[in-house]
Amino acid sequence: MRNLLERVYFSKIRKMIEQDTRHHMTFSEFEKWCKDFNLNDEQISSFIKSLHNVGICYHFHNHPELKSVIFLKPEIIAEKLTNSLGVQSIKKSDMAQKALLDSILPKYEELTLKKNELDNAADRRASFWMKSILGFLVVEFAILGRMVWWEFNWDIVEPISYFVTLATVMGGYTFFVFTNKEYEYEELRNKIKNRALRKKYLAEGFNWKEWNELHTQVTDLKRSLKLD
């Protein structure tokens with residue numbers, strides 16, 4: 001029972017150290033924490049040595065000037081030391097992350113190449129439809145112009161032009177109802193592209209979810225390793 005309580009107390013004190021935002025604290029303050037949990041001097045000495053050995057904090061108990069201080073951010077000390085010595089520090093975690101990155105990059109690059117190919121095809125499809133709409137508007141303008149100046153006159157064509165305008169408004173409102181987005185040319189183009197993209201992904205059996213997970217993982221690993 002006593003050993004169990006000691007482990008609980010050690011865990012609580014360790015959590016207090018890890019959550020402390022300061023860079024250092026006095027050893028007397030650490031002693032007070034421990035004595036609040038009824039730990040004796042021998043247990044305190046053993047505990048701080050264990051914390052030092054596992055790298056939770058640094059306490060140089062044999063140094064006459066530093067033994068009164070506990071350094072709570074050992075990674076900062078290690079970084080400053082390696083920088084001052086001109087040594088590049090490579091953590092084991094960095095090596096593991098680099099190995100993981102190397103293992104997933106081939107699959108990620110393969111999927112990215114395929115995705116770019118499908119994205120470009122969908123973009124071309126959207127551009128085709130946008131140009132087709134432009135062509136339709138030009139033809140519509142030409143027909144209305146001919147009706148006004150050659151075939152009929154403005155009195156006859158004016159009601160027709162009102163219906164054409166109303167049809168355009170109805171089309172824009174229908175777009176908003178079904179997409180919950182403003183009827184804008186960019187939104188229309190994106191809608192056409194995304195629809196074409198979904199069809200191409202399904203037709204080619206492209207796993208977008210897998211690519212997205214790999215993309216997130218690669219981005220996080222590169223950021224962590226400071227490769228970008």
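What the table below lists for this structure:
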item	result
First in region 184-204 and under 12 Å from MET130 (Cβ atoms) and touching a residue at least 40 places away in the same chain (Cβ under 8 Å), second anywhere and of a type in the set (Phe, Trp, Tyr) and open to solvent by 50 Å² or more (accessible area, probe 1.4 Å), Cβ under 8 Å, 6 or more apart	ILE192/TRP129
All positions within region 109-127 that are modelled with pLDDT of 85 or more and not aliphatic (A, V, I, L, M)	GLU109, GLU110, THR112, LYS114, LYS115, ASN116, GLU117, ASP119, ASN120, ASP123, ARG124, ARG125
Answer residue from region 45-80, given it is part of a loop (DSSP other than H, G, I, E, B) and of a type in the set (D, E, K, R) and is farthest from SER28 (Cα to Cα) among those	LYS73
Region 3-55 - residue that is open to solvent by 90 Å² or more (accessible area, probe 1.4 Å) and of a type in the set (Val, Ile, Thr) and, of those, farthest from PHE71 (Cα to Cα)	VAL54
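The values are calculated or read from the model by the stated rules, or taken from the named source; none is laboratory data. Model, not experiment: these values are computed from the prediction. A quick note on method: Cβ atoms are made from the backbone with ideal geometry, for glycine too, and the neighbour counts reach across all protein chains shown. Please note that ligands, DNA and RNA were not included when accessible areas were found on the heavy atoms of the full protein model with its side chains. Shrake-Rupley method; radii C 1.70, N 1.55, O 1.52, S 1.80 Å.
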